[in-house]
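Values in this text are rule-based calculations from the coordinates and carry no lab data. Since this is a predicted model, take the numbers as computed values, not measurements. Cβ sites come from the backbone with ideal geometry, for glycine too, and all protein chains shown count toward neighbours.
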Amino acid sequence: MSDFVDLHSHYLPGIDDGVRTLEEGLELCRRLRGLGFGTVMATPHIRTAMFDNRRPGLEAAHAAFRQSAQGKPELPRLGLGAEHFFDDVFWGLFERGEAVPYPGGKAILVELPRERLPVGLARFFFQMRLKGVRPVLAHPERYRPFFRRSEAIDPLIDAGVLPLLDLMSLTGKYGRGPRKAAERMVDEGVYYAACSDAHRPADAATVQEGIRALRRRVGDSEAEELLAANPRRILAGEADFE
Ligand SMILES: [Fe+2]
């Protein structure tokens, strides 16, 4: 069986727009395991005025979830990160060491505003890298500046960012702009890894469709890199994407 690593999902119940109940959270994890994800990270939103989550609360919620997951061999290995919306609040958290990096502390998942790129973004990403933390960029294909052309991502990649494909973008779940952008950026080799960004158990079927679409586009061995080897490298702090 495949041993993929999902760096982006919302299986922690009741703390963002992800699953609402413990049962749903367990069911989502079960279904992702069924698709081949042997490891799944919870990445709840940290976004001011929408999801004002902080590390202590997320750690407590994750510990409680783990407790409920114990003794269920059909579940994947679990880990905690967060999907940090990129703004001043995030930067403050990051500088104070209060952000929620992936286990091991080598990388952090960042989300951008949909309509335009924040000013000086590449510089911030470069500073993160200098501090030994790789910024992982959630679903670039879902941001308008990348709908038609990929060029704007080049300075971000130069600054050390690792782009993460949302598999469901390839199915058209988010509309034509993100689907076209995802297909183009897959063909161009822009992505370092691929993830589910699943919010509901029902998303698993769409993620499966996305994995099929990815395999058709890049072949099985490149798909395995994006789904297994590269996310592992991110967690190990060994990502090399110059
Ligand atoms: Fe997400």
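Laid out as a table, the results:
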read-out	value
Pairs where the first residue, in region 43-64, is closer than 19 Å to LEU137 by Cα and the second is surrounded by fewer than 19 Cβ atoms within 10 Å (Cβ to Cβ) and of a type in the set (Lys, Arg), C-beta under 9 Å, 6+ apart	ILE46/ARG54; ILE46/ARG55
Pair list, Cβ < 7 Å and 6+ apart or interchain, from region 169-193 residues that are basic (Lys, Arg) to residues that are assigned to a helix (DSSP H, G or I)	LYS173/THR206; ARG179/SER169; ARG179/LEU170
Hits in region 1-47 - residues which are of a type in the set (Lys, Arg) and either within 19 Å of PRO163 (Cα to Cα) or out of contact with any strand residue (DSSP E or B) (no Cβ under 6 Å at 6 or more places or on another chain) (or both)	ARG20, ARG30, ARG31, ARG33
Residues of region 82-129 satisfying the condition of being of a type in the set (A, V, I, L, M), within 14 Å of VAL161 (Cβ to Cβ) and more than 16 Å from the ligand (Cβ to nearest atom)	LEU117, LEU121, ALA122, MET128
Matching residues, region 1-41, being in a loop (DSSP other than H, G, I, E, B), over 18 Å from GLN67 (Cα atoms) and more than 16 Å from the ligand (Cβ to nearest atom)	MET1, SER2, ASP3, LEU35, GLY36
Some residue of region 94-101 being of a type in the set (Asp, Glu), touching a residue at least 40 places away in the same chain (Cβ under 8 Å) and assigned to a loop (DSSP other than H, G, I, E, B)	yes
Test: residue in region 63-74 that is hydrophobic (A, V, I, L, M, F, W, C), within 16 Å of the ligand (Cβ to nearest atom) and surrounded by 16 or more Cβ atoms within 10 Å (Cβ to Cβ)	no
Residue in region 191-234 that is surrounded by the fewest Cβ atoms within 10 Å (Cβ to Cβ), counting only those that are outside any helix (DSSP H, G or I) and touching a strand residue (DSSP E or B) at 6+ places or on another chain (Cβ under 6 Å)	TYR192
